[in-house]
Structure formats: C-alpha cells, structure tokens
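Remarks on the structure that follows.
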Ligand code: SF4
C-alpha cells in the first residue's frame, strides 16, 4: 500500500486529528470458527504442548484447520510460493493462525478466501506467490545474509557489529517462521530455494566460547540473547547461560529476543518458566544488570488477551521492560493508522513498549514487502505526537556493517541511494539505470569484472559487474 494513498485516506473526526485515538479492548478471536478446531477447549488452547503439537507446517495441515473456508486458488498460490519463492519453511502456531481473518464470520465454502488474501498477519506468515512482485521480486543487492552478520562473528553465532553490543544467536530455530526473516540464511529448515547454513560447534562449546569472548572483551556491555527465538531453548539451559553471562563484569544490559511472546504466549505463561524468569530477574537486579524482553509484533491483530497475560507475567516476574521491535512491511503495517493502532494496542493493552520498526532487509524475494527510505521517513513523521515520547517507536534502517569501517558517512549514504526507489517505481519498479551499459563495457573489454557508473533512482553511484555471475554488486 502506498503511504501517499493511506495518508490521503485519513479522515478527521471530532478529535480534529488525522488519527482518531480510541482505547480498544483486546479480544481473543474464537478459534472454534475454524473446522479443524471446532472441538478445541480453552484448556487445550492455553496449553503450550497443544500449541506446539498443532502448529501448521504444511499445506495438508492448513487444509485440516481451514477446510473449504478458503478455496483452492489460495492453497495453490501458497503451494507455488513454497516451491519457488519461500525463504522460510512454513511454521505457524495456532495462536497466530487464529488472528488471521478474525473479523469475518465464516459463511460456508470459500467465504474466508478474500479475508485471508487481505490479512496483514497472513501476508508475512503465509506468503503466497501472487503477493510477490513479478517484475522485481529481488533487489539486485539482495543476499542471504543481508546484514553480513556471519562476517562479523567473533565466535560462532556471536555477532560483534557495534562497538559496545553483541548479538548472541544461541540456536537456529523458532516456534514460528516469518516469511521476511532477516536471518533466513541460518534460521529454520531448508526450503526448495534455500539450503540453510548449519551451526557446526556443539551447543555447549559454542555458548562457552561466547562467554569467553565477552570476558576478554570489556568494551562490550550489552548482549542481545537471541536466535532464532530463545523460547525454543529449554528454560534450564537458557537460565544457565544467563546466570553465567551475569558473572561477566562488563555486561550491564541483557535483552531476551522472543517473538513467541506474540506467536505463542503460552510458552511464557508456563509456571516453571515464569518462576525461572523471576529467579534470573532477581539475580539481574542484585547485580545491577538491566534484563528486558524484546518481542516482535507487526500488527495490532496479534495483540490478544493471552499476549497481554504473557507480557504481564514477565513484568510481574521482575523483567525491567518488555519492548516491541516490529518490522516495517508493505501489506502489513506500512501505514500510519496501522502503526499507531499496533503501538496503542501494545502500550494500553499489554504494557509492551513500542520501541523500533526495522525496515525489511534486502533478502531475496522481499521487494513486495520493502518500503523505501523516503516513505519510512514520511511514516515516522506521521506517527509523531500521538504516543508518549518514550513510547514513540523509531523506524530504523540497518546499513551494511562493513561501511562503518573508516568511511562510514560516504558508505551509509551510498547504501541509502541503493534503497531509494526509482521515481517511476509505481509504473515499473525500481531500476538500476545504466547498469546494462556498464556491463556491456566490462564484457567488451574482456575483463573478469569491472566497475561502471550507473544510477539507482537518479542517484549516480559505482556498480561492480561480474561477468562470471552476471550480477551487480
Ligand atoms: S521469530 Fe525472528 S528469527 Fe524467528 S523467523 Fe521470525 S523474524 Fe526470524
């Protein structure tokens, strides 16, 4: 959806504001509306074991839940995407599937087809082939590890990219797989189009090497403990790692990264997990370490009473904060109303702090989701002034890490040029103008590779063309 269109559609109501705030009561959609879950009890629904064993992992299982409420056209579209485009395998917990098409009452065969096609959560959890751009499915600079995290591994799984912060990827799995995942290189099962990288070290050795690195690197004070999703690590092992981490004198900030708080809040509501979080939060407080949870909601529909209960359990257990880091995605939330609805739902209903929206990274086949830097800046402007200042999320764009080395300004600016859309994008998609001419010149000179000047969206810049791969970089 276009930011211009959505802004133009905003209406002023009696508040006199483009965004008319209203407090909204959270609702758990009725899962028994789906044929496959018509007999599922509330106790089953709230059981994490039931949720994990009923995740939808393939088309057959999706059909068993939805039956003929969605017609064959949709299933075929999804099947084609899985075969030809998907960079993540299918894994949708019942909790997440239940938030799709939740505002439309089923009325027989095919009655939810349109609602499923239009649904914002479906757009990124169950992407279909027809969602993707055909003219411009991937950016020419799209890569499997678009943030070059592996290049910056200090030890396996520990990305040391910023001066004082590290990212610890403890494991390569999650309770749910998001179609836009920036760690698609490593996370999840291989798909027909992507053979996933495998971690090679034994889990205990890898975690031990991370702790050793942090002990001998006193310039690091902040660790994002992630994956994958830490909800997939058995709690005793996670607690042991966190306890060890807190013996490292220089570590002052720890953030636990888990989308499961949104996708499978039942995990964080288990009594033994809540008790464990309480132990570790108490330890953190006694050592003056700030321990928080970072979660990942992209749309207001995902914030249900169970999610709110999960967040409250974490805060009551002693975490300093629960913050949201969403991803800015066309078709999901790239609209000021959608962003503000989500932020207010998180803040009012679930005490979750809106924190960041990351721009979708340049992974393969993601152009239909990606929003230009210019539109992101306009969105940031349009959401200012409604939320308290401390809860107004920043929309951020990760730039290539190696550009930080020595020539940060020029590098970052160049990268932004690459992200800028062509002024004619609406007609034909972003274009690398002059690239073909540069490539012809390189080929004519018989070089193995070479550089030429091309422009992207009117911004001139150097491109490197490889006649071996036929690609620009
Ligand atoms: S939860 Fe996070 S790491 Fe897991 S698939 Fe989604 S975006 Fe990727």
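The values are calculated or read from the model by the stated rules, or taken from the named source; none is laboratory data. Bear in mind the structure is a predicted one, so any value in this text is a computation, not a measurement. In this analysis, Cβ positions are derived from the backbone assuming ideal geometry, glycine residues included, and neighbour counts consider all displayed protein chains.
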> Which residues, counting only those in the range 243-255, are without any contact (Cβ under 8 Å) to a residue 40 or more places away in the chain and in contact with a helix residue (DSSP H, G or I) (Cβ under 9 Å, 6 or more places away or on another chain)?
Replying inline: 244, 245, 247, 248, 249, 250, 251, 254
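Residues are listed down the side, and each one gets a yes or a no for (1) modelled with pLDDT of 95 or more; (2) surrounded by fewer than 17 Cβ atoms within 10 Å (Cβ to Cβ); (3) closer than 30 Å to residue 41 by Cβ:
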{"site": "98", "(1), (2), (3)": "yes, no, yes"}
{"site": "107", "(1), (2), (3)": "yes, yes, yes"}
{"site": "113", "(1), (2), (3)": "yes, no, yes"}
{"site": "127", "(1), (2), (3)": "yes, no, no"}
{"site": "130", "(1), (2), (3)": "yes, yes, no"}
{"site": "139", "(1), (2), (3)": "no, no, no"}
{"site": "150", "(1), (2), (3)": "no, yes, no"}
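Kindly indicate which of 230, 224 is over 23 Å from residue 55 (Cβ atoms), at pLDDT 95 or above and in the same structural domain as residue 367 (by TED's automatic domain parsing).
Numbers: 230 fails: over 23 Å from residue 55 (Cβ atoms).
Criteria check complete, one pass: 224.
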> Quick one: is residue 100 part of a loop (DSSP other than H, G, I, E, B), closer than 17 Å to residue 263 by Cα and either out of contact with any helix residue (DSSP H, G or I) (no Cβ under 9 Å at 6 or more places or on another chain) or in the same structural domain as residue 186 (by TED's automatic domain parsing) (or both)?
Replying inline: no
>> When the residues of the range 247-269 are narrowed to those that are surrounded by 19 or more Cβ atoms within 10 Å (Cβ to Cβ) and within 11 Å of residue 289 (Cα to Cα), which ends up farthest from the ligand (Cβ to nearest atom)?
In response: 248
